[in-house]
Amino acid sequence: MASALINVPATAKRGDIIEIKTLMSHIMETGFRHTVTGEVIPRNIITNFTCRYNGDEVFQADLFPAFSANPFISFFTIATESGKFEFQWIGDNGFQETASASIAVT
Amino acid sequence: MNRLRNISLSLLAVAAFTSLAEAAEIAPGERRSGASFMSVETLAMQTDATANPGMLWVLDGEALWSRKPVAGRACADCHGDASSMRGVAVRYPAFDEKLNRPVDLEQRVNLCRVDHQQLPPLADESRDLLALTALIGRQSRGMPIETGTDSRLQTFIDKGRDAFMRRQGQLNLACTNCHDDNWDKRLAGSAITQAHPTGYPVYRLEWQGLGSLKRRLRNCMIGVRAQPYSADAPEMVELELYLMSRARGMPSETPAVRP
């Protein structure tokens, strides 16, 4: 079960600087740990996160093994027009999750 | 492993000072939640529902709450909306008439799985069990803990209290030596705190995940090199019961965040 928590303000004034917060459930297994019998636990992490605002990319990040489990990513952007934020997380073993949130800009 | 060894070594230092003082219980007015010992950043993470990773389990719990088993009914079919569980978690562990003993919230959920859904019980610390208890616990966030008012629980609370006061493990320390006598000190960089279980299941940064009160208690028992109780041991429920009744009146923080 993968779930995401997204926090985008429902409304904003044109030109406002708004904060966007995202939390994605993921174990973020580093690939550096071993089992009690010595086998390496294979790496299983999210490798990339992107946010698009009405189709335009406004934020992107590469993720690495040192990230905590359930990565929390927050960033700022400028409210330009009403529409949709689309979020995508991709990672090892074909991991791919998306989420979206709407904003009304006046 | 390294971390365990470090903690054990520093426990020797604690052993030195605990032998001086004898157990004194904390006065009700002086009780403090573990949250009050945390950094402002960790506290902010707990308070902000969109930054608290425990909320991911609450979301999963919502999905499970209304998921229909192959045969039989979903939790929601009998209980309605999860908000009907408001005030429930702050009464647990509670006395079960059929079993004639206290059961904790995890056991209560599993009783419903077995008796009312004809499903096998969920495993201790499994994601699904944590998700359901986080969802149920979340409904009581901010409400005062009420556990232990039922007089049928008294003998069990007393047994839990005895366990809390009894020295155990290779380091020969009782819970009270740390959590009543030395709660204002630190151990290997961690605040010892008063051990009030106000936010379980909690998202612990060290675990990188959500865990039950039982997992927390096992950590403390391993820390003094004692053999921890198994998850369903009556002694475990008695200890949970004592801790919850000791925190009676304190507000619930579930799902809390701890370092």
Is chain A best put as rounded, prolate or oblate by its Cα gyration tensor, with a ≥ b ≥ c the root eigenvalues, rounded for a/c under 1.5, and otherwise prolate when a/b is larger than b/c, oblate when not?
prolate
Give me the angle, in degrees from 0 to 90, between the Cα long axis of helix B:2-18 and the longest principal axis of the Cα atoms of chain B, rounded to the nearest 10.
60
Find which of B:Ala82, B:Leu130, B:Ala94 sits farthest along the positive direction of the dipole of segment B:54-138, computed with +1 on the beta-carbon of Lys and Arg, -1 on that of Asp and Glu, about the Cα centre.
B:Ala82
Need the C-alpha centroid separation for segment B:153-203 versus segment A:40-88, integer Å.
41
Leaving ligands, DNA and RNA out of it, report the carbon-plus-sulfur percent of the accessible area of segment B:196-259 at a 1.4 Å probe.
53
Could you report chain A's accessible area per residue, 1.4 Å probe, as an integer in Å²?
55
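Counting only helical runs of four or more DSSP H residues, what would the 222 nm mean residue ellipticity of chain B come to if each run contributes -39,500 (n - 2.57) and the total is spread over all its residues?
Computed ellipticity for chain B at 222 nm equals -11500 deg cm²/dmol.
In square angstrom and rounded to 100, what buried accessible area do you get between chains B and A, total over both, with the probe at 1.4 Å? Please list the in-between numbers first.
Details: alone 12690 and 6390 Å², together 17880 Å².
Its buried surface, counting both partners, is about 1200 Å².
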Report, to the nearest whole %, how much of the accessible area of segment B:54-138 belongs to carbon and sulfur atoms, 1.4 Å probe, protein only.
54
Can you order the peptides B:225-231, A:29-35 by their average number of other Cβ atoms within 10 Å per residue, highest first?
B:225-231, A:29-35
Could you check the simple spin-label distance between B:Val40 and A:Thr11, using points 7 Å along Cα→Cβ, in nm with one decimal?
3.1
For peptides B:198-208, B:147-157, sequence by mean Cβ density within 10 Å, most packed first
B:198-208, B:147-157
Heavy-atom accessible area, 1.4 Å probe, ligands and nucleic acids excluded: residues of segment B:50-78 down by at least 40 Å² from chain alone:
B:Thr50, B:Leu56, B:Leu59, B:Asp60
Carbon and sulfur: what percent of chain A's accessible surface (1.4 Å probe)?
53
Inverse of mean 1/r across different Cα pairs in the protein assembly as shown, Kirkwood, Å
22.5
Nearest-ten-degree value, helix B:54-65 long axis tilted from longest Cα axis of chain B
30
Could you tell me the relative contact order of chain A? Use alpha-carbon pairs under 8 Å, at least six residues apart, and round to a whole percent.
33
Just to confirm the number: angle between the C-alpha axis of helix B:213-223 and the first principal axis of chain B, 0 to 90 degrees, nearest 10?
30
Between B:Ala71, B:Ala44, B:Ala131, where does the largest GNM mean-square fluctuation fall for chain B, given springs only between Cα atoms within less than 10 Å?
B:Ala71
Would you mind calculating the relative contact order of chain B from Cα pairs under 8 angstrom and at least 6 residues apart, reporting the percent as a whole number?
29
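Using the heavy atoms of the protein chains alone and a 1.4 angstrom probe, what is the accessible area of segment B:54-138 per residue in square angstrom?
Counting only protein heavy atoms, the per-residue value for segment B:54-138 is 48 Å².
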Counting only other chains, and only Cβ atoms inside 10 Å, what mean value do you get across the residues of A:21-27?
4
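The values are calculated or read from the model by the stated rules, or taken from the named source; none is laboratory data. A quick note: this is a predicted structure, and the numbers were derived from the prediction, not measured. Counting neighbours? That spans all protein chains shown, and the Cβs are built from the backbone with ideal geometry, glycine included. Side chains are part of the model used for accessible areas, which takes the heavy atoms of the whole protein and leaves out ligands, DNA and RNA. Shrake-Rupley method; radii C 1.70, N 1.55, O 1.52, S 1.80 Å.
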